[in-house]
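Computed from the coordinates by the stated procedures, all read-outs in this text should not be read as laboratory data. Quantities reported herein were computed from a predicted structural model and do not represent experimental measurements. Cβ coordinates were reconstructed from backbone atoms using ideal geometry, including for glycine residues, and neighbour counts include every protein chain displayed.
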Ligand SMILES: Nc1nc2c(ncn2[C@@H]2O[C@H](COP(=O)(O)OP(=O)(O)O)[C@@H](O)[C@H]2O)c(=O)[nH]1
Ligand SMILES: [Mg+2]
C-alpha cells in the first residue's frame, strides 16, 4: 500500500517541472519589460530630467556673451558683478583691478605712442634721433607730405622751413625747434589751453548741471569715452548722470550701462523711450531736480542717412534748451585717430550742424596715423580736449599740446 495517499512520486515530479517552467517564463517577461524601459530612458533623458534641463537653459541665457565687442573686454563686461556696495572680497570682482589701481596704471601719451614707430610721429622721431644731418631737410619734407596732417598744415610747416637759411636747413636741432614752434602755434590758434593738475581740463563743470553731449560716427569710441569720463568725474566727487541717447542700436544701452556700473555712476535709460530727444530732455530734467553736477549724453552714430542723423542730433540739442537754456554746455565730437583725413571731414560736418566745442581723439595708442590732431587744430580751429590712449577706464587724458608735440619729436616732456 502507498504510504502517501495524496500524490504519487511521478505526479509530484511533473508538478515541479510545471512550476519551474512558469517561473522561467515569468522571469523572461519581466526581463524584457525592464530592458525596454531602460532603453526608452536612455533614448529620451528629458522625460526624467525636466527640471535640470530648464535651469540649464536659464543659465545658458545668463552667460550668453553680450553682443558688443567692447563688452568682451574686461573693463566693460565685468561691472555687472561689481555693484557699488559689493564687499571688497566679492569673488566675482577678484579678477578686476580697483578703479584706483587702473587709474594709477594708465600710461602717458608718450608711452602709449611708443608702438607707433611706423607712423608719421615715429618717422619724424626717428629722423631727429639720428643726427647725420645733411639730407634731413628732404626727409622731413617727405615725411610731412606722406603724413595725414592735411595739405594746409603741410604747406604751412614747409613754408616755415623754407624760410630758414641754408645752414639752418642742414642743422637738425634748428629744424626740430622750428617745427616744434610751428606745431605749438597751430595748437595755440585753436585755443587749446594746457591742462592743469588732475582734472580732465577745461571742460565746463561750473554749471550745475553741466550737460555734455557726445557725438560722432559709429565705432569712434563715444560710449567708451563716456565710460572713462564718468569715472574720472566721479573720482573728482562729481555727481554724474549718464543718459543712453543712442536708442538706435539695441546693444548700445547695455554697453553703456556696463560702463556706468564699472564707473559707479548713475545710468539713465527710461523704459520704452525710443526718441533720443526725449531721453536727453528727461535726463536734464532729472539732473536739475536731483542736483547732478554733470550729465553725459550718448548719441547714435548712424541713422538711415547722414542727414537724418544730423536732424536728430540738432533736435536733441534743441529740446534740452527748454530745460536749461545754455545746454548743452559742451558738444564734443569723438574721432578715431586712425581715420586720418576722414576724421577731419567728420568734424567739419558735425561742426556745421551742431557747433562743436571740442574734440576727443581716441585710439592714439598704436595708431599709424594721428597727424589729424594737428590738422584739426589748423583747419577747423576746434580745440582737442581729450585723448583716448587705450581701452581701460583710466586711458583718457586731457590733451596737452606741449606733451603731444614733445612726443611727436621724441623729446622729454
Ligand atoms: N585702443 C583703443 N581702443 C579704443 C579707444 N576708445 C575706444 N576704443 C575701442 O573702439 C571700439 C568702439 O568703441 P565704442 O565706444 O563702442 O564706439 P561708439 O560706437 O562711438 O560708441 C571699442 O572696441 C573700444 O574698445 C582708445 O582710446 N584706444
Ligand atoms: Mg556707442
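Expressed as a whole percent, how much of the Cα-Cα distance distribution for the stretch 370-413 exceeds 15 Å?
On the way: 463 of 946 pairs.
For the stretch 370-413, the fraction of Cα-Cα distances above 15 Å is 49 percent.
Taking only the alpha-carbon atoms of the stretch 317-413, what semi-axes of the equivalent ellipsoid follow from 5 times the gyration tensor eigenvalues under a square root, in whole Å, largest first? Let's see the in-between values first.
Values: eigenvalues 137, 45, 30 Å².
The three semi-axes for the stretch 317-413 are 26, 15, 12 Å.
With viscosity set to 1.306 mPa s at 10 °C, what whole-number translational diffusion coefficient in µm²/s follows for the stretch 233-309 from Stokes-Einstein and a Kirkwood radius over Cα pairs?
Working: Rh = 12.9 Å.
In µm²/s, the coefficient is 123.
Taking the alpha-carbon centroid of each part, what is the distance from the stretch 231-273 to the stretch 340-413 in angstrom?
Spelled out, the Cα-based centre of one part sits 24 Å from the other.
Quick one: which of 216-226, 309-319 comes out on top by average Cβ neighbours within 10 Å, and what's the full order, highest first? Intermediate results must be reported in sequence, preceding the final value.
Working: 216-226: 23.5, 309-319: 18.2.
Listed from highest to lowest mean packing, they are 216-226, 309-319.
For the stretch 281-413, give the share of DSSP beta bridges that are antiparallel, in percent and rounded to the nearest 5; count only bridges with both residues there.
On the way: 3 of 11 bridges.
Just about 25 percent of them are antiparallel.
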